[in-house]
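The values are calculated or read from the model by the stated rules, or taken from the named source; none is laboratory data. No experiment lies behind these values; they were computed from the predicted model shown. Here the Cβ positions follow ideal geometry from the backbone for every residue, glycine too, while neighbour counts run over all protein chains shown. These area figures cover heavy atoms from the full protein model, side chains too; ligands, DNA and RNA do not enter into them. Shrake-Rupley method; radii C 1.70, N 1.55, O 1.52, S 1.80 Å.
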Amino acid sequence: NLSTVSEFVFVGLSDAPEIRLLLFVLFLLVYLATVAGNVTLLAAISTDPHLHSPMYIFLSNLSLLDLLCPTITVPKMLGALLLEHKEISFSGCLFQHFSLIAVVGTEIFLLTVMAYDRYVAVCHPLRYPSVVSTKLCAQLAAGTWAAGLLNSLLHTSLVFTLSFCGPNKIQQYYCDFPPVLALSCSSTQSTELVILVVAGVLGSGACVVTVVSYICILLEILSRNSPGIRHKAYSTCGSHLTVACLFYGTTICTYVRPSFTYSPHRDRVVSMLYGMLTPLLNPIIYSLRNKEVKCALRRVIGRV
């Protein structure tokens, strides 16, 4: 640890007391709705035997990630809005950064695995039980978490071994690496290059696999004459594709670019989209477009 900075200070979303209170209420409601939606979806999948298939195991992992993502950042932001407690220790910032990058990276890999799962289910339905077995499903799910943690470990070690000896105000409401990197006293060119290359290779690779999977799915659907099969495939795959587009669009705009294009105000808005809006919308998208999930949710709500 070469740092002489013992803590960082977040730049608040607003300095006006009445605006801060309004934002606190708004973000608290969004966070509570996100927690409620994802916990309900997790409960529905875990308690319904009909949903113990690979697709829903991957979906439960996605819900867990959507639960963790805002939990890492939002409570600290709410504390800053209500109590004006904007400071975070160096070690606290490091832990928040590591956790968030791990969750974001894991979700990218998980969405890729889910796209492959849907490709096998639609294009090779007879072989699906043997190809995507329970063992392979568990291995793929564990692999996405391992890859996300290793990717985060690399990013965090590159950023937080730099020297921080001057300004300590982070132009964001959490410890994201573009604004943290901007505070370093060291030369950050080599660090930025490594991060950009790693994020570009992993992100673009995952994106290509996802896009190719859905192109194959679309071609397969168009080649079939049965309206019922088409509707079911569109309903299931449409949910995955909508979630993937929301998540990839916002994360790529935030991370896969050089630091000289960093804009604090714009990036706060973009980070809220993938950090708060996407985790809120994901359970809604899946519950509205999936008949089996809707039935399971009704049973869970009925029991409650």
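With only Lys, Arg, Asp and Glu charged, each at its Cβ (+1 for the first two, -1 for the last two), find how big the charge dipole of the chain is about the Cα centre; round to the nearest 20 debye.
My answer is approximately 1060 debye.
Among the GluC sites (Glu not before Pro) found in region 81-122, those both in a DSSP coil and sparsely packed, with 12 or fewer other Cβ atoms within 10 Å of their Cβ, are Glu84.
Annotation: lysines with alpha-carbon distance below 18 angstrom to Lys169 (same-chain offsets under eight excluded): Lys76, Lys86. If R0 equals 30 Å, the separation of the Cβ atoms of Leu29 and Glu7 corresponds to a calculated FRET efficiency of about 0.50.
Over all pairs of different C-alpha atoms, region 1-156 has a mean inverse distance whose reciprocal, the Kirkwood radius, equals 18.0 Å.
Taking all protein chains into account, the per residue accessible area for the chain stands at 47 Å² (1.4 Å probe). Rg ratio for the chain: its Cα radius of gyration over 2.2 N^0.38 Å, N being its residue count, equals 1.07.
Here region 1-115 is treated with +1 on each Lys and Arg Cβ and -1 on each Asp and Glu Cβ, and its dipole about the Cα centre works out to around 80 debye. With point charges of +1 on the Cβ of Lys and Arg and -1 on the Cβ of Asp and Glu, referenced to the Cα centre of the chain, which listed residue (Leu246, Phe95, Leu28) lies farthest in the positive direction of the dipole? So the residue we want is Leu246.
With Cα atoms as the point set, region 34-78 shows a radius of gyration and Dmax of 12.0, 39 Å.
Just the number, please: carbon plus sulfur as a percent of the accessible area of the chain, 1.4 Å probe, no ligands or DNA/RNA counted. Present the calculation step by step, with values, prior to reporting the outcome.
Working: 10150 of 14280 Å².
Of the solvent-accessible surface of the chain, carbon and sulfur hold 71 percent.
Straight-distance candidates among the aspartates and glutamates for linking to Lys291, with alpha-carbon spacing under 18 Å and chain neighbours fewer than 8 residues away dropped: Asp48.
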